[in-house]
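Derivation of every value follows stated rules applied to the coordinates shown; laboratory data play no part. The structure displayed is predicted, hence computed values, not measured ones. For neighbour counting, all protein chains shown are included, and Cβ atoms are generated from backbone atoms with ideal geometry for every residue, glycine included.
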Amino acid sequence: MPSPQSQDRFQIAVLPGDGIGPEVMASAREVLLAAVDRTPNLTLECTDYSAGAEEFQRSGDPLPASVQDACRQADAVLLGAMGLPHIRWPNGRELTPQIDLREIFQLYQGIRPARLYHEADCPLKGCGAGEIDLVIVRESTEGLFSSRLQPTDANADSVEDRLLVTRARSEQLFHAAFRLARQRRNHLTLVDKANVLPSMVFFRRIFDEISEQYPDVATERVYVDAASLFLIRRPQDFDVLVTENMFGDILSDQAAALVGGMGMAPSADIGDDLAVFQPCHGTAPDLIGQGIANPVAMVLSAAMMLEWLPGTASQQAGAAIRQAVERVLQDPRLRTPDLGGNCSTSRITAALLDALG
């Protein structure tokens, strides 16, 4: 994490990306800068950089070295959404520069919060606002994604992927998850598949070792298939969950569905020196240019960025954005079409700006 500066001035690398990425980024930027303007002694200098599928069409590289350098030098990175289904590498694999960033900068903490703001947004019966409030901490550099760049033979009779778990990275991950649980409700759930996979037996053993250093945090251990069931039957019981890369990828989408969908799901990918903040949703090509994309996940990702940056001023600005989101979403009429409403992106943005005021 960067050191606090005397005037709380931060450099933010902004990667609007593809599809609806630039649209939700524009909305979040308005809200972000409005919150910063209302916060004394805080300045953000936001600079846009081109990365993603459209950049790949222009330059042949979805994540140019110059953009990587800009991210490296920034205090934080704010990312819209990247990739388009019809633009792919020659081998047919979709472009995923957002995953490249995690691996290049070793952003091993994938933080995926899910909070229910209004009961109307939840497909489950009997869940009130605030009753679902959990965070999935997903290891984002290893696991089943570890061999994703491995060359494969298109004519092969079989292809295998490797699930990688290392002690060093698992220890980092678990310490981060325990620290997060201490900041919340002191409860941490390990999600694994230790009844079948040797890698997950190893993963659990390391968790057990680290848990001894946090006796104040209650723990439980749940197999991933059971965890998917419990997220539906008793989501209110979860606080922080920590898991492997692929398991976290799947469960975080399931958790998002419980609170309204991907348009309500912010995220952060955090390393020791840098963090990238982005909505969990994709580029939604079918929504491009219609002005109806849900900006809430992007706005909440910006709030997470402010809260990660050091200093009380940035914390205050982040809290102000969260409070604005809470106030706006108390009105079930203020919803974009993905949530069954008819509000435009600009209408939600205006409501958030009003709530900030």
Phi to ³J(HN,Hα) by Karplus 6.51 cos²θ - 1.76 cosθ + 1.60 over the stretch 160-172, Hz, x for Gly, Pro: 10, 10, 9, 9, 9, 10, 10, 4, 4, 5, 5, 5, 4
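Considering only the other residues whose Cβ falls under 15 Å of the Cβ of Glu160, what net charge follows from Lys and Arg at +1 and Asp and Glu at -1?
Working: positive: Arg148, Arg162; negative: Asp153, Asp157, Asp161.
Residues close to Glu160 contribute a combined charge of -1.
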Unit Cα scatterers, Debye sum, the stretch 301-351: log10 I(q)/I(0) for q = 0.24, 0.26, 0.31 Å⁻¹: -0.85, -0.91, -1.07
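Could you tell me how many cubic angstrom of Cα convex hull volume the stretch 144-249 has per residue?
Each residue corresponds to 118 Å³ of Cα convex hull volume.
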GluC sites (Glu not before Pro) within the stretch 71-150, DSSP loop, no more than 14 other Cβ atoms inside 10 Å: Glu131
Neighbourhood charge, 13 Å Cβ-Cβ cut-off, centred on Pro266 and excluding it, Lys, Arg +1 and Asp, Glu -1: +1
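Give me the net charge for the shell around Cys127: Cβ to Cβ below 15 angstrom, other residues only, Lys and Arg +1, Asp and Glu -1.
Working: positive: Arg115, Lys125, Arg233, Arg234; negative: Glu119, Asp121, Glu131, Asp133, Asp237.
So the environment of Cys127 carries a net charge of -1.
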Computed E for Ala156/Asp61 - FRET, C-beta separation, R0 30 angstrom, nearest 0.05: 0.60
Alpha carbon centroid spacing (whole Å) that separates the stretch 101-143 from the stretch 214-292: 3
10 Å-binned pair-distance histogram of the chain (Cα, whole percent): 5, 24, 34, 27, 9, 1, 0
Distance between modelled label sites at Leu353 and Ile232, nm, 7 Å Cα→Cβ extension: 4.2
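Fewest Cβ neighbours within 10 Å first, please rank Leu84, Leu124, Leu116 accordingly. Could the numbers behind the result be given before it?
Numbers: Leu84 21, Leu124 16, Leu116 24.
Ascending number of Cβ neighbours within 10 Å: Leu124, Leu84, Leu116.
For Met246 and Asp37 in the same chain, what is the full-extension length gain: residue separation times 0.36 nm, less their Cα-Cα distance, in nm?
Values: separation 209, 0.36 × 209 = 75.24 nm, distance 3.91 nm.
Difference between extended and current length: 71.3 nm.
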